[in-house]
Amino acid sequence: MERPALSGTIRVRFFARYAELVGRAEAAVAVSLPATVGDVVRRVREQLPGARAIPERPLAAVNLHHAKLDASVGDGDEVALLPPIAGG
């Protein structure tokens, strides 16, 4: 007997240029669980207007800790997408 697919809601926060691209500072994104940061990024790029301009492999953090795209995320987690930092 197959188990029904679980889904979760991830809070995605956008900073600097990424917030400008999508026109908001945060969004709630539904993903099938288990999921990774990469899954969240793909969903954001598919669903939000302007988000296609966000790179496929942006810098990211999960619950305030830097994370790679293969890091696991769960229902209620926060994923922050961070543009590259330019120094001066």
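The values are calculated or read from the model by the stated rules, or taken from the named source; none is laboratory data. These numbers come from a predicted model, not from an experiment. When we count neighbours, we look across all protein chains shown, and the Cβ atoms used for this are built from the backbone with ideal geometry, even at glycine.
Observations, loosely collected:
- Contact annotation: residue pairs with Cβ atoms under 6 Å, 6 or more positions apart or on different chains, pairing a residue in the range 33-48 that is surrounded by fewer than 22 Cβ atoms within 10 Å (Cβ to Cβ) with a partner that is assigned to a helix (DSSP H, G or I) and of a type outside the set (A, V, I, L, M), are Arg45/Arg52.
- Residues of the range 13-68 satisfying the condition of being over 11 Å from the mean Cα position of the chain (by Cα) and among the acidic types (Asp, Glu): Glu20, Glu46
- Yes/no for Gly76 being at pLDDT below 95 and assigned to a loop (DSSP other than H, G, I, E, B): no
- Qualifying residue in the range 46-55 (condition: in contact with a Ser or Thr (Cβ under 6 Å, 6 or more places away or on another chain) and either outside any loop (DSSP other than H, G, I, E, B) or among the acidic types (Asp, Glu) (or both)): no
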